[in-house]
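Asks: Quick one: the structure is below, and I'll ask about it shortly.
Values quoted throughout were computed directly from the atomic coordinates according to the rules given, and no laboratory measurement underlies them. If you're wondering where the values come from, they're calculated on a predicted model, not measured in any experiment. Here the Cβ positions follow ideal geometry from the backbone for every residue, glycine too, while neighbour counts run over all protein chains shown.
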C-alpha cells in the first residue's frame with residue numbers, strides 16, 4: 001500500500017510548514033490528486049487517519065480534490081477530458097498524447113491555527129481572520 005508512504009511524505013511537508021510558521025495545530029490539509037496519478041483516494045484517506053493521529057495534525061480536516069485527466073489537441077486548439085484513457089479529441093478526432101493534467105499529487109493548501117498574538121492579550125480567541133493561516137501552493 002504505497003498510499004501510506006505517500007501520506008507520510010505529505011505529513012512531513014505539512015509539519016515542516018506548520019513548524020516554520022510556529023503553528024499550534026494543522027486544522028486542514030487539502031490535496032489535489034490526478035485521475036492518472038495511481039493513487040487510491042480511499043486508501044489515502046485511511047492512511048491519513050493513521051499517520052496524522054497524535055501530532056499537530058490530529059483531527060485536521062482532510063480533503064482530496066480529484067483532478068480529471070485532460071489533453072491538448074494541437075490541430076484544433078482544444079483542451080479535452082480523456083475518456084477511458086483514450087487521447088482522441090472529441091472536436092476533430094485527432095489523437096493527442098499531450099497530457100496537460102491528471103498526474104498531480106499536490107499538497108494544495110494547509111490551514112493552521114496560529115498562537116494568539118500579543119496584541120489580543122495573549123488569551124482568548126483571536127478574530128477568525130487572524131486565527132487561521134491558509135497556505136496555498138505548497139507543492140513544488
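Asks: Does residue 61 satisfy the condition of being loosely packed, with under 12 Cβ neighbours inside 10 Å and either farther than 30 Å from residue 94 by Cα or in contact with a strand residue (DSSP E or B) (Cβ under 6 Å, 6 or more places away or on another chain) (or both)?
Replies: Yes.
Asks: Report, by residue number, each residue of segment 33-58 that is surrounded by fewer than 16 Cβ atoms within 10 Å (Cβ to Cβ) and at negative phi.
Replies: Residues satisfying the conditions are 40, 41, 42, 43, 45, 46, 49, 50, 53, 55, 58.
Asks: Also: Does residue 11 meet the test of being over 14 Å from the mean Cα position of the chain (by Cα) and not in a loop (DSSP other than H, G, I, E, B)?
Replies: No; evaluated as a whole, the condition is false for this residue.
Asks: Here is a follow-up. Could you tell me which numbered condition residue 21 fails, if it satisfies all but one of (1) touching a residue at least 40 places away in the same chain (Cβ under 8 Å); (2) in contact with a helix residue (DSSP H, G or I) (Cβ under 7 Å, 6 or more places away or on another chain); (3) within 18 Å of residue 113 (Cα to Cα)?
Replies: Residue 21 satisfies all of (1) touching a residue at least 40 places away in the same chain (Cβ under 8 Å); (2) in contact with a helix residue (DSSP H, G or I) (Cβ under 7 Å, 6 or more places away or on another chain); (3) within 18 Å of residue 113 (Cα to Cα) except (2).
Asks: Given the condition in contact with a strand residue (DSSP E or B) (Cβ under 8 Å, 6 or more places away or on another chain), in a loop (DSSP other than H, G, I, E, B), on the phi > 0 side of the Ramachandran plot and surrounded by 15 or more Cβ atoms within 10 Å (Cβ to Cβ), answer yes or no: does some residue in segment 95-102 qualify?
Replies: Checking segment 95-102: at least one residue is in contact with a strand residue (DSSP E or B) (Cβ under 8 Å, 6 or more places away or on another chain), in a loop (DSSP other than H, G, I, E, B), on the phi > 0 side of the Ramachandran plot and surrounded by 15 or more Cβ atoms within 10 Å (Cβ to Cβ).
Asks: Hey, any hits in segment 23-32 for a residue that's out of contact with any strand residue (DSSP E or B) (no Cβ under 7 Å at 6 or more places or on another chain) and either surrounded by fewer than 17 Cβ atoms within 10 Å (Cβ to Cβ) or closer than 20 Å to residue 12 by Cβ (or both)?
Replies: Taking every residue of segment 23-32 in turn, none turns out to be out of contact with any strand residue (DSSP E or B) (no Cβ under 7 Å at 6 or more places or on another chain) and either surrounded by fewer than 17 Cβ atoms within 10 Å (Cβ to Cβ) or closer than 20 Å to residue 12 by Cβ (or both).
Asks: To continue, here is another question. Which of the residues that make up segment 66-92 are surrounded by 12 or more Cβ atoms within 10 Å (Cβ to Cβ) and not in a loop (DSSP other than H, G, I, E, B)?
Replies: 66, 67, 70, 71, 72, 73, 78, 79, 80, 81, 88
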